[in-house]
Amino acid sequence: MARKPLAAIALLTVAGVALAGCSSGGGGGGDADNAIDGEVKGDIKVVTWRTDLVEDGTFDKYAAEFNKKYPDVNVTFEGITDYAGEMLTRMSTTNYGDVIGIPAIKPDQYEQFLEPLGKTADFEDTYRFLPAASFDGTQYGIAFGGNANGVVYNKKVFEEAGVSATPTNEDEWLDALQKVKDNTDAIPLYTNYKDGWPLTQSFGNLGVVTDDPDAPITMAEDKAPWTEGSDVYAIDSLLYDSVAAGLTEDDPLTTNWEQSKVDLGTGKIAAMTLGSWAISQMQAAADDNGASADDIGYMAFPANVDGTQYAVIGGDYNLAVSKHSKAKAAAWAWIQWVVSESGYTEAQGMISPLIDKELPPNLAGFTDAGVELMEINPAPAGKEGLINQVADDSQIDLYGPIYRQKLVDIARGAADGDKDSYFAELNERWGASVDKLAG
């Protein structure tokens, strides 16, 4: 199973949905005999998007280990392929499992469907990624793991090209890619233009250029964000300038995502701007095609603030206890155990939600380069989803491929204009929507 890009999950969470037919009662919310701090026993069903780990027996192995600590709990699993869609339908009933990954419901709906775990403040010294599953000071979920944003690359290719250190700004980036082009047969940067969605991955770096954990709000209120010095300017300039310099694939109309994993793994491609969720897929492709997983590296987006590089990190689905579970203590025990003792994040190469755990080996490059991790702050009250509202009104698909595909087309000479004219057009459209929504 291909892991869903983090940006897509984040967008689902931001969007929210309107659910009906399920009131805030039921499930024993006030039942003292069925509280999350009660006796750990009973039957629980874990409903998950990780169908692959259900099918290959990984979750059953976790359950066997869990039972060594909690022998009075019977854990079963159900994997759902269309998890995001089907779970929303199920949550209009009371039967949607005991432990779930929170789908795209609005934060003010959490108490309607989920059991409160405690005050968010009480979790802050232990866990990362809390804001997405918190509402009004109450915590409703814990992230199963997390991912970083940056660039996945083939270390062997970079070494053969004579690149001795990962780039920390755009000039160093372009110089590194030029060395790849001059000294190897690899494509320096692969855009995955045709599949489209990989082009959106670089937007996950919003905030690292200016060290701004409020970057989505900053951009949403900026009338001209495609101006030098801003995050989105740097992100989109990196793509434009790489294409304009001839450092990407010759024909972007024929790119292929599945083949690109093999090609990066085997050294035919040097780099792709993707979330860290992609590392394990590139490593598997390398191993399966006669290369080595050890060749795959991960670097921060090439930008720095006073010499320090930053990487935005964010949680995957948040695990939560159903309001309607008949074994809430067992469900909560499972969540705490699986995120801390199962070895899931280590096996998946993900960032642990536990603050005191080290980064996974596949992010060793961050540690070596002194990269600082950054979590984006939740939007303040009244500004939730503002960046999406401006994007929708201006018809600039920040989380989609269309405007970036045009950017690539202009850069490669297949469409009229240049970087300055296109950024001016984007600023005009964006600025008009900022004014409109502010008024």
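The values are calculated or read from the model by the stated rules, or taken from the named source; none is laboratory data. Quantities reported herein were computed from a predicted structural model and do not represent experimental measurements. Quick reminder, even Gly has a Cβ in these numbers, built from the backbone with ideal geometry, and neighbours come from all protein chains shown. These accessible areas exclude ligands, DNA and RNA; they are computed on the full protein's heavy atoms, side chains included. Shrake-Rupley method; radii C 1.70, N 1.55, O 1.52, S 1.80 Å.
Computed values, structure above
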| item | result |
| --- | --- |
| Virtual spin-label span in nm between Q336 and K69, 7 Å along Cα→Cβ | 0.9 |
| Within the accessible area of the chain (1.4 Å probe), percent carbon and sulfur | 46 |
| Lysines whose Cα lies under 29 Å from that of K419, excluding same-chain neighbours fewer than 8 positions away | K179, K181, K194, K223, K268, K406, K436 |
| The chain: most fluctuating residue of Q112, Q259, Q178 per GNM, C-alpha cutoff 10 Å | Q259 |
| Cα-derived Rg over Rh, computed across segment 247-358 with Rh taken as Kirkwood radius | 1.09 |
| Derived scalar couplings ³J(HN,Hα) [segment 62-76; Karplus, 6.51 cos²θ - 1.76 cosθ + 1.60; whole Hz; x for Gly, Pro] | 4, 4, 5, 5, 4, 5, 5, 9, 10, x, 8, 10, 9, 9, 10 |
| Residue-normalised accessible area of segment 60-122, given per residue in Å² at a 1.4 Å probe | 48 |
| Filter on K45/K106; K261/K383; K106/K261 - keep pairs with C-alpha separation over 29 Å | K261/K383; K106/K261 |
| Rounded accessible area per residue of segment 211-315, 1.4 Å, Å² | 35 |
| The chain: Rg to Rh, with Rh as the Kirkwood radius over Cα pairs | 0.98 |
| Label-point separation in nm, A284 to R429, each point 7 Å along Cα→Cβ | 3.6 |
| Highest-MSF residue in the chain out of G196, G141, G290 [GNM, Cα springs under 10 Å] | G290 |
| Gaussian network model of the chain, Cα within-10 Å springs - most flexible of D397, D418, D108 | D108 |
| Solvent exposure of segment 350-412 as accessible area per residue, Å², 1.4 Å probe | 49 |
| Cα-only radius of gyration and Dmax that characterise segment 95-250, units Å | 20.6, 59 |
